[in-house]
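Read-outs: derived from the displayed coordinates by stated rules, not from any lab. Because the structure is predicted, anything quoted here is derived from the model rather than measured. Backbone-built Cβ (ideal geometry, glycine too); neighbour counts: all protein chains shown.
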Amino acid sequence: MKLPTRYETGASHAERRFVSAGARSMLEASVVSPIGSLYFAAEATPYDLENLRMHIRDLMPRAGDGRVEVRVAARHSVTGLSAWLRQLAGTGVHVTRVRRAIAS
């Protein structure tokens, strides 16, 4: 799934930084499976969401083998995150989204 991207206005091509929903948003995730567990923290960019998906796939070779808790700073909205989480849940992963204050 490709998420829409925006870049800060006025930045030169070399200085472009990804902006999600008007502000850079941080994402934290805890992945627990029979194989092991993982704590993941990154900006909520399409690259990092795909990176998280690959880690989840590696830790959960069978659907329903584990759970993922995703935390996003309450003051931020991440474009496409809800759809991404629904798609992940559709593969059998138990997904929980928590809105709370996190380091950003």
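Brief remarks on what is shown
- Scanning residues 5 or more positions from Arg97 or on other chains, those with amide H under 5 Å from its amide H are Val70, with H placed 1.01 Å from N in the peptide plane.
- Extending 7 Å from Cα along the Cβ direction at Gln87 and again at Ser37 yields two label points whose distance is 2.8 nm.
- Net lengthening on full extension, Asp65/Tyr47 (0.36 nm per residue, minus Cα-Cα): 4.0 nm
- Long-range amide H partners of Thr79 with built H, under 5 Å: Ala21
- Ser82 sits among other residues whose Cβ lies under 13 Å from its own Cβ, and their net charge, with Lys and Arg +1 and Asp and Glu -1, is +3.
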